[in-house]
1. I'd like the accessible area for Asp139: 1.4 Å probe, protein heavy atoms, all chains in place, Å² to the nearest 10.
2. In terms of solvent-accessible area of protein heavy atoms at a 1.4 angstrom probe, what is the ranking of Asp54, Asp344, highest value first?
3. Going highest first, how would you order 245-253, 143-151, 321-329, 347-355 by mean Cβ packing within 10 Å?
4. On a 20 Å Cα-Cα criterion, which of the cross-link pairs Lys115/Lys303; Lys254/Lys293; Lys189/Lys254; Lys189/Lys271; Lys271/Lys303; Lys270/Lys294 come out too long?
5. I need the shape label for region 149-285. Rule: rounded when a/c is under 1.5, else prolate if a/b > b/c, else oblate, with a, b, c from the alpha carbon gyration tensor.
6. Which distance in nm do the two modelled labels at Ser138 and Ala205 give, with both placed 7 Å along the Cα-to-Cβ direction?
7. Full extension from Ala147 to Ser58: what is 0.36 nm times the residue separation minus their Cα-Cα distance, to one decimal in nm?
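The values are calculated or read from the model by the stated rules, or taken from the named source; none is laboratory data. Please read all numbers here as calculations on a predicted model, not as lab measurements. Cβ placement follows ideal geometry from the backbone for every residue including glycine, while neighbour counts extend to all protein chains displayed. All accessible areas refer to the heavy atoms of the entire protein, side chains included, with ligands and DNA or RNA removed. Shrake-Rupley method; radii C 1.70, N 1.55, O 1.52, S 1.80 Å.
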Amino acid sequence: MSEQSRGTGRIRGTGSRRRKPTRRHRAKVVAAWTVAGVVVVGGAGLGYAYMALDGNLSSIDIDAKLGTDRPDDVDDGSQDILVLGSDSRSGDNGKYGQDEGAARSDTAMVVHVDKGHRSASVVSIPRDTLIERPACESDTTGDPVPAEHRAMFNTAYEVGGPACAVKTVESMSGIRMDHYLEVDFTGFKKLIDELGGVEITTKTAINDSKSHLDLEPGTHTLNGEESLGLVRTRKSVGDGSDLGRIQLQQAFIKALMEQTKSVGVFSSPKKLFGLADAATKAITTDSGLGSVKKLSGFANGLKGLGADNVHMVTLPVEYDPADPNRVLPQEKAGRQVWAALKHDRPIPASAIEKSAGDKGDADQVVE
């Protein structure tokens, strides 16, 4: 295995926190893992609606596209899932801005479920992380895409689609992804509305002109549009960068997981069907989850997970001395994170204690 595929990389930097980024960030699709959370909770009851819902799903054969040049498939009962959000502005997503070329994966989370399916670790990868992107194949033209040094992480999806994103994460981590999930703006909003909203308590006021969210301190039940605003917010969190926004997303996901357990989806077939209909329309999966039967079987094995046994971190990073709008992986700490997932162990606190990604201060904004 190459140095990079073990997660070591070749990009080095020793920069500390720099000035607040001034680049105009494009609005992003966020909190893709919400779909996984909802399906986990509601999955056991989806069986009665297989035929009605199968037509909603889109899937991609990642295995066929990547072939055999991948990390070993470890069959120990654990699961590793790459969850992405795509920032396409096509269709109903156009209200959030215009496309600037191809879509990008502006939210990325590696979800590791332990072999006993009793706990999970979630590693968020900042979109602006500079990485060694491996050679890929365009998912639109089939043409080869050369490897690139110091490429932004989210360009992998842009140049090669889901398969290239999976290949890039596997190259960074040395871990084979068992599954792939993707969601977009419109699907996210409809899912939250079908759920009846998500309760969030804010400690301070949030007034973000970019995400169009205006909340006073206190407890709020956010609808789909407001939830999307919250997980797009960065101006009101920490240094205003993407790192603080990631922490806000993680706080929202935990609140969402709690909410799904309180809405009574099992006691209300109508609620369950509406939720399943919204979820299956919102997501794209790998072919291994490409039917409602497969998806619900997968989800049924995870339904015991709750917010209390899901540990969320951000990949350890530091600001790039050459560009304050970019971050670099902290190599030693990153290896600790990926090794923990690979060997089905908890992520050690020491791996993230010196990371810029651990200083987003979202806990000062939401409970």
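1. For Asp139, the solvent-accessible surface is approximately 80 Å².
2. Ranking Asp54, Asp344 by accessible area, largest first, yields Asp54, Asp344.
3. With the highest mean Cβ count within 10 Å placed first, the list reads 245-253, 321-329, 347-355, 143-151.
4. Lys254/Lys293; Lys270/Lys294
5. Oblate.
6. Placing both labels 7 Å along Cα→Cβ, they lie 4.9 nm apart.
7. 29.2 nm
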